[in-house]
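Enquirer: One structure, pasted below without further comment.
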């Protein structure tokens with residue numbers, strides 16, 4: 001009888017010690033899985049905000065280029081030709097910019113003078129190819145539509 005009591009106490013004692021020793025592998029894997037899912041949700045929700053910030057910064061750079069183009073027009077009576085792109089804005093005596101900026105996706109801005117609209121109020125084209133870096137796609141940013149609030 002005392003042997004049974006001793007055996008029971010020993011088994012009970014072992015199970016109590018094992019229960020206090022820490023988490024099981026299954027519990028740890030479940031926690032890691034939940035953390036991974038939460039991180040995925042956060043990253044996905046933040047990626048949309050990152051694009052909005054990049055669009056805003058690109059728009060600000062385009063407005064800076066537009067101001068520099070107006071300064072060039074005031075000095076020379078015309079805009080830089082398409083072949084020269086935006087380079088004259090950052091070189092020579094007419095230097096309006098420290099350097100020709102890139103958009104926030106590290107792509108060059110598209111510039112053409114005269115513009116393709118045929119509208120005298122839009123004498124040149126100035127666009128960012130946007131996130132996909134392809135010109136004339138849905139995510140392009142055009143200086144003239146930005147100024148109209150579209």
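The values are calculated or read from the model by the stated rules, or taken from the named source; none is laboratory data. Note that the structure is predicted; figures quoted are calculated from it, not measured. We place every Cβ from the backbone using ideal geometry, glycine too, and count neighbours over all the protein chains shown.
Enquirer: In the range 53-83, how many residues are more than 19 Å from residue 144 (Cα to Cα) and either touching a residue at least 12 places away in the same chain (Cβ under 8 Å) or within 12 Å of the chain's Cα centre (by Cα) (or both)?
Expert: Qualifying residue count, the range 53-83: 3.
Enquirer: Additional query: Please go through the range 91-130 and give me each residue that is crowded, with 16+ Cβ neighbours inside 10 Å and either at pLDDT below 90 or not in a loop (DSSP other than H, G, I, E, B) (or both), ordered by number.
Expert: Once the filter is applied, which keeps residues that are crowded, with 16+ Cβ neighbours inside 10 Å and either at pLDDT below 90 or not in a loop (DSSP other than H, G, I, E, B) (or both), the range 91-130 yields 96, 110, 111, 115, 125, 126, 127, 128.
Enquirer: Right, next: Looking only at residues that are without any contact (Cβ under 8 Å) to a residue 24 or more places away in the chain and within 12 Å of the chain's Cα centre (by Cα) in the range 25-52, which one is farthest from residue 102 (Cα to Cα)?
Expert: So the residue we want is 46.
Enquirer: Of the residues that sit in the range 131-150 and are in contact with a helix residue (DSSP H, G or I) (Cβ under 6 Å, 6 or more places away or on another chain) and in a helix (DSSP H, G or I), which one is surrounded by the most Cβ atoms within 10 Å (Cβ to Cβ)?
Expert: 143
Enquirer: Shifting gears a bit: Please go through the range 68-80 and give me each residue that is touching a helix residue (DSSP H, G or I) at 6+ places or on another chain (Cβ under 9 Å) and outside any helix (DSSP H, G or I), ordered by number.
Expert: 78, 79, 80
Enquirer: Additional query: Out of (1) modelled with pLDDT of 90 or more; (2) on the phi > 0 side of the Ramachandran plot; (3) loosely packed, with under 10 Cβ neighbours inside 10 Å, the odd one out for residue 85 is which?
Expert: It is condition (3) that residue 85 fails.
Enquirer: Output the residues belonging to the range 16-45 that are surrounded by 10 or more Cβ atoms within 10 Å (Cβ to Cβ) and at pLDDT below 75.
Expert: Residues satisfying the conditions are 16, 18.
Enquirer: For the range 81-90, give me the residue count where each residue is under 25 Å from residue 56 (Cβ atoms) and either touching a helix residue (DSSP H, G or I) at 6+ places or on another chain (Cβ under 7 Å) or assigned to a loop (DSSP other than H, G, I, E, B) (or both).
Expert: Residues meeting the conditions: 3.
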